Amino acid sequence: MKKNNSILPTGFLKSSEGFINQDIDQYVQNLKAIYSAESYCLKRLPRLVNMISQSDLESMLSDHTSVIMDRLNRLDHIAKELKLTIGRTQNPTFKNIISKMGKIIHHFNIYNPQANYELISILLEVSIYRSYIYNALLQAMNETNFPETTAMMQRCVNEEDFFFNNLLKTKMYIRMNEHKTTSMKIEPVTS
């Protein structure tokens, strides 16, 4: 097993229940997993933006591309500050989500009214995955003495929450307009 020269002590991480201690290897795996997820999303989002027929969703995903670039820079900074070496790793859960996303992209039909709805559904899964990892990393950072790094991770969590909420509102807006079940109109939030 490769020795990690991190400045973080082994066993410093705790779960939300406080029962499980993680070691530094788990923290590094989470950092690698989120780095890979963000890299994949950065690579795929421009293609999705070009395929989408709803302007609000297109705008939101375009804006999110620059957010992801900032996140990757923050993750690099965090790894350097903690003296961690991160590279890409493929988490099985995210690999499954990526597979579904690939199928949607491959069969995407702008004229199919369900297409944007299905795309948002898979993006919500991606967002939930990323949010889970970011929250685990933030929780671990709260146990350390690195306030700047903790603040960076908190920003990632907040951005992912904002993105998730906008996706959810957009999904509801699309569903309501497709079925014309109500005259109430929910507009997606813009920043």
Identify the single condition in (1) within 9 Å of the chain's Cα centre (by Cα); (2) closer than 16 Å to N73 by Cβ that I128 does not satisfy, given that it satisfies every other one.
(2)
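Determine whether the range 77-90 contains at least one residue that is under 13 Å from the mean Cα position of the chain (by Cα), among the acidic types (D, E), under 16 Å from L137 (Cβ atoms) and at pLDDT 75 or above. Before the answer, list the steps.
Quick first cut of the range 77-90, residues under 13 Å from the mean Cα position of the chain (by Cα) only: none.
Checked the range 77-90: no residue is under 13 Å from the mean Cα position of the chain (by Cα), among the acidic types (D, E), under 16 Å from L137 (Cβ atoms) and at pLDDT 75 or above.
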Any hit, the range 140-150, residues being within 16 Å of the chain's Cα centre (by Cα), among the small types (G, A, S), at pLDDT 80 or above and buried (at least 18 other Cβ atoms within 10 Å of the Cβ):
no
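Evaluate the following for A115: is it surrounded by 18 or more Cβ atoms within 10 Å (Cβ to Cβ), more than 12 Å from the chain's Cα centre (by Cα), more than 17 Å from H77 (Cβ to Cβ) and at pLDDT 85 or above?
Numbers: surrounded by 18 or more Cβ atoms within 10 Å (Cβ to Cβ): yes; more than 12 Å from the chain's Cα centre (by Cα): yes; more than 17 Å from H77 (Cβ to Cβ): yes; at pLDDT 85 or above: no.
When the stated conditions are applied, A115 does not pass them.
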For the range 153-183, the count of residues that are assigned to a helix (DSSP H, G or I), modelled with pLDDT under 75 and exposed (fewer than 13 other Cβ atoms within 10 Å of the Cβ) equals 2
Of (1) at pLDDT 75 or above; (2) more than 17 Å from the chain's Cα centre (by Cα), M69 satisfies every one except (2)
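The values are calculated or read from the model by the stated rules, or taken from the named source; none is laboratory data. Everything numeric in this text was worked out from a predicted model, so none of it was measured. Every residue, glycine as well, gets a Cβ built from its backbone with ideal geometry; the counts of neighbours run over all protein chains shown.
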